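The values are calculated or read from the model by the stated rules, or taken from the named source; none is laboratory data. Note that the structure is predicted; figures quoted are calculated from it, not measured. Here Cβ is always computed from backbone atoms with ideal geometry, including for glycine, and neighbour counts include all displayed protein chains.
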Protein chains: 2
Amino acid sequence: MSPWKAAKPSDSIREIDTPALILDLDAFERNLAKMQQSLSGSQVRLRPHAKSHKCPEIAARQIAMGAVGICCQKVSEAACFVDHGIQDILITNQVVGSTKLHHLMALARRARIGVLVDHLEQVMALSAAATTYGTKLDVYVEVDVGAGRCGVAPGEATALLAQAIHMAPCLNFAGLQCYHGAAQHLRTPEMRIAAIRHAADVAQQSRSAIEAIGINVPVITGAGTGSFTHERDSGVFTEIQAGSYIFMDRDYADNQRGHGDPVFDHALFVLTAVMSINQHGKVVVDAGLKASSVDSGMPGVWQRPGCHYIKASDEHGVITLPPGKTLPLGEQLWLIPGHCDPTVNLYDEMICVRQGMVEAVWQIAARGAVL
Amino acid sequence: MSPWKAAKPSDSIREIDTPALILDLDAFERNLAKMQQSLSGSQVRLRPHAKSHKCPEIAARQIAMGAVGICCQKVSEAACFVDHGIQDILITNQVVGSTKLHHLMALARRARIGVLVDHLEQVMALSAAATTYGTKLDVYVEVDVGAGRCGVAPGEATALLAQAIHMAPCLNFAGLQCYHGAAQHLRTPEMRIAAIRHAADVAQQSRSAIEAIGINVPVITGAGTGSFTHERDSGVFTEIQAGSYIFMDRDYADNQRGHGDPVFDHALFVLTAVMSINQHGKVVVDAGLKASSVDSGMPGVWQRPGCHYIKASDEHGVITLPPGKTLPLGEQLWLIPGHCDPTVNLYDEMICVRQGMVEAVWQIAARGAVL
């Protein structure tokens, strides 16, 4: 990591070294509040996904605002949050292999931990490990609700797994994971509504199959920032796992908003500076692939009409300018990451700003926690 | 970062937690030797690019094999290497802004540091800072040799900048940076030969313009893994900056090899494990976007004919299987990153293996050094 930090509290924004990951605290706090407002009055609880931020300061604020806990994607990521005092974590993933099970069981002794399964072999391995380690674990059956990635087929297959979990002495059948990842970036509200209607139908069908063998289904969890209003209104889902709403990356903002969808603000930016100005109609900035993940396309350029970030190499970004426009060397630009989650994962800290000043520097403690 | 490491020395490969960044030491050492052999007998020196590996252990081995120093892309990256004892670094980038100049000058007091300029304003700022800090700096003029990114136009514009550097009391005009990034992944040898012939021509033309005003051009530096044999044979270039040859990512291996080009071996892998096997004809592995950068396409699957990594999300990868083939849960697969540089930048350490065993764990000390 860099031997020095991009900024310290009470620096002005102009003094921030670039590229740096910036959190606009006013926008972030508005997003936190809007999500809680969106769920208030419903019976649906919020368990935001911490893979987006990997930051204990943010998880603590989400829980203080009403979240019941957090989601993580990896055992090591969850361990970072437990180390920072978070006590209720759902790992929204299958955990396979003896090394991982060892760490998972150690974690389950320190906090309430949930994990997913989509295969009987996973249930047997979890059961054996939990027994060996003398610990108790919440286990959710992941249902393939349309994304065609992980998960079992809806209906009877879920009942078989629920029964196996239910019979295992150290496992607690906690419910169904019904996340539809592929629905999040469907561009029109009609497409997202149809996808989530299907997800809710097969979640309901799976719940019925499990209840038919006398097992209660306490939780049906899923949803992301792109679709959560539909899961909220489904009458089937009980928990929402959205994560990106706190930041709003460019790719989510490209979705057409549906009626009644809350408007989340861009709160996460990559601050960059112009370092080369020799090419006609374009400049080169100091934020490239290692400063903003381009897996979901190039970053947007914030409040610079006609400026487009068109190409990233390791540590260079090329921005085209509107006709006749130039920018000086050293000019700061604010980029909106195409995809916030892997962008956050590039940084050790985020610089939190308000009204032109650095207010705090938050550690991205679970950055790189990929195990 | 993860609270535990993926492996420790003397573990067997089977025990490595996944996903993990793996260096095959035999292949890596062959690549080191092949590059030095490729340059032996020529007057061209090797200054490998450390942005690829960010690892002091590797830089030390490159220098022990004959490299004259290393390249870095960022001031903070260079600072990490100076902290680990590297004493001769060319920062192949423009350095703009007072904060960065402060760190650059502090570094130039501790090691031989070179930096690029492509604008008179940068020369003036470097000159003022070097004078203030009482330090001496090597400054190279970057020439746009065809990539259309940074650099001045060849010829007279380079002479103007060289003269300004030459006149500045604390700056040493060290030569020309003539790197043609866009040529590295031109797929046919003929296209790469033509691109580097053009680069060498304009480098020569710039050298002549500078010599015509009585200034010596000690170094002409550039080249990458895709094209370096052509710069080597140009009679113009004196230094080679290739970096990826030690690892060989999938995107470089996709180039058609030219006559006499050395064959570098894949030495860097992402070890991953199968975690979900419910979908017909495909499996889901535990290495996604946060384990292997996809900016240059999906990773390859090593020595598994007919298996294709087709889709990455944050922590999931989907691999299609050949007809009739299945894989069990927990099966380890070796992925060849599409682009090694940003993939290395995701990890805190690389697990070095030989003959089925972990031999060492090397710190990626400059991981995240983006300032």
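General remarks:
- Filtering region B:200-232 to residues that are over 20 Å from B:Pro154 (Cβ atoms) and not in a helix (DSSP H, G or I) leaves B:Thr225, B:Gly226.
- 3 or more residues within 21 Å of B:Tyr140 (Cα to Cα) and aliphatic (A, V, I, L, M): qualifying helices (runs of 4 or more DSSP H) within region B:29-109: B:75-83, B:98-108
Results for (1) within 12 Å of another protein chain (Cβ to nearest Cβ); (2) more than 23 Å from the chain's Cα centre (by Cα); (3) surrounded by fewer than 24 Cβ atoms within 10 Å (Cβ to Cβ), shown as yes or no for each residue.
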site	(1), (2), (3)
B:Val82	yes, no, yes
B:Gly85	no, no, yes
B:Ile89	no, no, no
B:Asn93	yes, no, no
B:Met105	no, yes, yes
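- Filtered residues of region B:162-199 (kept if touching a Phe, Trp or Tyr at 6+ places or on another chain (Cβ under 9 Å), at pLDDT 95 or above and within 14 Å of chain A (Cβ to nearest Cβ)): B:Gln177
- Conditions (1) part of a loop (DSSP other than H, G, I, E, B); (2) of a type outside the set (Val, Ile, Thr); (3) surrounded by fewer than 22 Cβ atoms within 10 Å (Cβ to Cβ); number of the one not met by A:Met124: (1)
- Qualifying residue in region A:8-16 (condition: in a loop (DSSP other than H, G, I, E, B), away from chain B (no Cβ under 14 Å) and under 30 Å from A:Gly330 (Cβ atoms)): yes
- Of all the listed residues (A:Asp24, A:Asp88, A:Asp118, A:Asp83), the sole one being under 30 Å from B:Leu104 (Cα atoms) and of a type outside the set (A, V, I, L, M) is A:Asp24.
- Selection status of A:Asp251, within 23 Å of A:Asn31 (Cβ to Cβ), under 18 Å from the mean Cα position of the chain (by Cα) and surrounded by fewer than 22 Cβ atoms within 10 Å (Cβ to Cβ): yes
- Hey, B:Val284 buried (at least 19 other Cβ atoms within 10 Å of the Cβ) and within 27 Å of A:Val294 (Cβ to Cβ) or not: yes
- Positions within region B:245-288 being at pLDDT below 95 and of a type in the set (A, V, I, L, M), in sequence order: B:Met248, B:Ala253, B:Val263
- Looking only at region A:309-331, and only at residues there that are among the hydroxyl-bearing types (Ser, Thr, Tyr) and part of a strand (DSSP E or B), the one that is nearest to the other protein chains (Cβ to nearest Cβ): A:Ser313
- Of the criteria (1) touching a residue at least 60 places away in the same chain (Cβ under 8 Å); (2) away from chain B (no Cβ under 14 Å), which one A:Gly306 fails: (1)
- Looking only at region B:61-87, and only at residues there that are charged (D, E, K, R) and touching a residue at least 40 places away in the same chain (Cβ under 8 Å), the one that is farthest from A:His316 (Cα to Cα): B:Asp83
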